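Structure, as structure tokens:
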Amino acid sequence: MSRSARQTGRATVGPGRTLFDERPSEAAPADAPARHGTEAAMTAILIYGATGYTGTLLAEHARTQGLRPVLAGRDPDKLRPLAARLGLDWRAAPLDDPGRLRAMLTGIAAVIHAAGPFSKTAQPMAEACIAAGAHYVDITGEIDVLESLAARDADAKAAGIVLLPAAGFDVVPSDCLAAHVANRLPGATHLRISIGGFGGFSRGTARTMVEGIAWGTRVRRDGRIVELPSPPRGSADFGRGARRTVGLGWGDVSSAWYSTRVPNIAVYFEAFPAMAAAAGLPSGLRRIIAGPTVQRLINRGIDRLPPGPSETARATARSTFLAEAWDGSGNRAASRMETPEGYTLTVLTALETARRVASGAVPAGFQTPVTAFGPDFILGFPNVVRTDL
């Protein structure tokens, strides 16, 4: 960026051509935390999707910690008031303009990509990160996104960057617990992860889940991802007696393979009514729901929902994970873990992941939370309790 462009707050290429919208923050509010050493490191981190539900939580929490990430997204009119309120810089560029997106990453060490659905947004952001030499972190839970980024491992290594998806509630706690259980049972051949307890969903998560209905239930069999003809049913004890569960295709079907190399992996969720009903839809109906016309109608309804769980719900809800592993002789190992509510945990894990990645502490290439930080990474966050059963 030229000196004159930086002074006017706009990046340009050639006379008068705007490459991306950029504005320095207004004066920080009087009650904003004072700057300190770690704040400087966070100025090299950009949160894309900062005006969404989770992105805003990430930005707000970073600011309470005295950190200064750059806020980013598609719409400058939405970014401007958020950045002014938090006293942070902002940049705007659309995902469908590769040149502007790459330029937006100038001077950025790592991106926290929080703009879903990631099936549509991850690829252009990852491409921009590879081209710009910026590390990529996201909060997806989508199998196909994880697999597509794993396929870019060589490209990421050549660019000297890290591709680390699923750095939030999906899949940090479950990935760490799965690896812990697999370590307790060397030679495990089967892994089952069960997840219970929810404090609600954001609009973005709801859209992702509706979009994923078309895929049905996917699991890993002998190292390959396959779709089951119908969702399996089961039960899990989350610490308060057996609860009904239903199999769903979740990010761990991808990530746990890279973290553990256990060849058979399935993920189950506590079967609250709406989830059980959606998972049990016939394949033909699921394909219709996944079509563009029905998706538009559903998304209009989602737009009328609250942005996400309330502050009270986030503060009081808890989530529980159960990981079970078996070997060829029938031996079993199991561990249970309780964590804060999903969005609360996402904010903590994604920011810490980005901080470590930006510092150069993670080898270049595709990484999962476990391959980057080990199975005990999750224990470094408050109110996380792991119990071996």
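So the values come out like this:
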{"read-out": "Local electrostatic count at ALA325 - Lys and Arg +1, Asp and Glu -1, tallied over other residues with Cβ under 9 Å", "value": "+1"}
{"read-out": "Table column - 3J(HN,Hα) (Hz), region 150-155, Karplus curve with 6.51, -1.76, 1.60, x for Gly and Pro", "value": "4, 5, 9, 3, 5, 5"}
{"read-out": "Surface accessible to a 1.4 Å probe, ASP96 within the full protein complex, Å²", "value": "130"}
{"read-out": "By average C-beta atoms within 10 angstrom, highest first, the peptides 233-241, 51-59", "value": "51-59, 233-241"}
{"read-out": "For region 36-151, the spread of Cα positions along each principal axis, largest first, Å", "value": "38, 29, 27"}
{"read-out": "Taking only Cα atoms of region 114-170, radius of gyration then Dmax in Å", "value": "10.3, 29"}
{"read-out": "Under the Karplus curve 6.51 cos²θ - 1.76 cosθ + 1.60, θ = phi - 60°, whole-Hz ³J(HN,Hα) for region 353-359, x wherever Gly or Pro sits", "value": "4, 5, 4, 5, 5, 5, 7"}
{"read-out": "Vicinal HN-Hα couplings computed from phi for region 340-345 (Karplus, 6.51 cos²θ - 1.76 cosθ + 1.60; Hz; Gly/Pro x)", "value": "x, 3, x, 6, 4, 5"}
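The values are calculated or read from the model by the stated rules, or taken from the named source; none is laboratory data. Not measured: the values here are computed from a predicted model. In this analysis, Cβ positions are derived from the backbone assuming ideal geometry, glycine residues included, and neighbour counts consider all displayed protein chains. Surface areas here come from the heavy atoms of the whole protein model, side chains and all, with no ligands, DNA or RNA. Shrake-Rupley method; radii C 1.70, N 1.55, O 1.52, S 1.80 Å.
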